[in-house]
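Colleague: Supplied in structure tokens, the structure appears directly below.
The values are calculated or read from the model by the stated rules, or taken from the named source; none is laboratory data. Note that this is a predicted model, so its numbers are computed, not measured. A quick note on method: Cβ atoms are made from the backbone with ideal geometry, for glycine too, and the neighbour counts reach across all protein chains shown. Accessible surface areas use protein heavy atoms only, side chains included; no ligands, DNA or RNA. Shrake-Rupley method; radii C 1.70, N 1.55, O 1.52, S 1.80 Å.
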Amino acid sequence: MKEPLSKDLLFDFFDGRTTSMQRKLVEDWLAEPENEEFYYHCLNEWESHHPQFTPAVDNAFARYQALMNSEETISQSPVNTEIRTRPLYLRASLWGAVAACLVLACGFVFQKQLLYQSLSSANGQIASYQLSDGTQVVLNANSVLRIPRFGFGDGTRKVILEGEAEFKVIHTEENSRFVVAMDNDYSIEVLGTEFVAFSRERGTKVFLTKGKVKLSLPRGKQLYMKPGNLFVAGRNGQFSVTPSVAAEQFTAFKREMFYFDNTLLSEVVQQMNDRFKVNVRISDPVLARHRIGGVYKARQADDLLEILSELLHLEVVKHEEYIELRKSDNHLNP
């Protein structure tokens, strides 16, 4: 392990004020994975003193509304000679301001559509992509990854995940951060590593395969993960970190497999619903708490339903709007 660099040198590096020899020194130092935590610590401190510009969209939109209301008042009020003879260039300036506010407001509303393009995976299918920086991404079914429409540029490589994906992030010569933004103010920050991220309505999960990642949590909390760690957060914001978990559980989807290790049947059903966009339910709470294990191949929902039916002696009842799993006899002992 190389000796820690001084904060002043790292701050100069973030400011772009280092010499070529100093940049080389930082790059060599960052090649040691155990130095990443100190690097991120200094980066957070530097960023707190160098906030990025954020447009005041609400104020701009309020000014736009005020201008529109002003125009309506003029058109509906009694004729006023002074207003009627207002110079043309003033009106042009007024409408120019309105147009600028409209562009700003629309840009905010359609920011994702304007700035990002979507990479997606179909129902029951996986999709593999290579990003412009060389990073490889495999999307599980029914997932969307939004990437910058005009490339990453020289700054932070930020993407937005809705669903589940495996990332193999390339470490760039510039040591640019790779950030995966997810729902509910969760984000993953790395320099170069491998991990699986899950971001759906029912919660957030991150499994780290190699290297080190920094997780940003709601309310400004942060934590670091090591290989084999599993982070799980529910919709209520409570989270847990499991120190050692089998990677196969989170990469099996790439081979159209389901990996269960003493998994609740209710969780099995949720995974099936996520991958195939079906609506499978278990009305019996005792049955929902039953646990199963094993690795099963399923290219469609019916494949897994048939496996569960034979394995657990279940009855699959297809209603108009959903599919129900229920006990078919007394073979099942929870």
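Colleague: Here are the criteria: (1) at pLDDT 95 or above; (2) in contact with a strand residue (DSSP E or B) (Cβ under 8 Å, 6 or more places away or on another chain); (3) under 29 Å from Gly124 (Cβ atoms). Tell me which single one Gln249 does not satisfy.
Modeller: All conditions pass for Gln249, except number (1).
Colleague: So, one more: Can you name the residue in segment 142-175 that is assigned to a strand (DSSP E or B) and small (Gly, Ala, Ser) and is also surrounded by the most Cβ atoms within 10 Å (Cβ to Cβ) among such residues?
Modeller: Taking the candidates together, the pick is Ala165.
Colleague: In segment 128-135, is there at least one residue being open to solvent by 40 Å² or more (accessible area, probe 1.4 Å), within 17 Å of the chain's Cα centre (by Cα), over 22 Å from Gln271 (Cβ atoms) and of a type in the set (Ser, Thr, Tyr)?
Modeller: Yes, that holds for at least one residue.
Colleague: Tell me, which residue of segment 176-199 that is open to solvent by 20 Å² or more (accessible area, probe 1.4 Å) and more than 13 Å from the chain's Cα centre (by Cα) is nearest to Val144 (Cα to Cα)?
Modeller: Ranking the candidates gives Glu194 first.
Colleague: Further question: Anything in segment 13-50 that is at pLDDT 80 or above and farther than 25 Å from Ile170 by Cβ? List them, or say none.
Modeller: Across segment 13-50, the qualifying residue is only Thr19.
Every residue, every condition in (1) in a helix (DSSP H, G or I); (2) over 23 Å from Ser128 (Cα atoms), yes or no:
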residue: Val232; (1), (2): no, yes
residue: Val245; (1), (2): no, yes
residue: Thr251; (1), (2): yes, no
residue: Tyr259; (1), (2): no, no
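Colleague: Can you list the strands (runs of 3 or more DSSP E) lying wholly within segment 275-325 that have 1 or more residues being in contact (Cβ under 8 Å) with a residue 12 or more places away in the chain and of a type in the set (Asp, Glu)?
Modeller: Correct list: 314-318.
Colleague: May I ask you to list the residues in segment 218-245 that are open to solvent by 70 Å² or more (accessible area, probe 1.4 Å) and of a type in the set (Val, Ile, Thr)?
Modeller: Scanning segment 218-245 gives no hits.
Colleague: If you check Phe239 against the conditions, is it modelled with pLDDT of 95 or more and of a type in the set (Phe, Trp, Tyr)?
Modeller: Spelling it out, it is not the case that Phe239 is modelled with pLDDT of 95 or more and of a type in the set (Phe, Trp, Tyr).
Colleague: Pick from Leu223, Leu265, Leu287: which is of a type in the set (A, V, I, L, M, F, W, C) and within 20 Å of the chain's Cα centre (by Cα)?
Modeller: Of Leu223, Leu265, Leu287, the one residue that is of a type in the set (A, V, I, L, M, F, W, C) and within 20 Å of the chain's Cα centre (by Cα) is Leu223.
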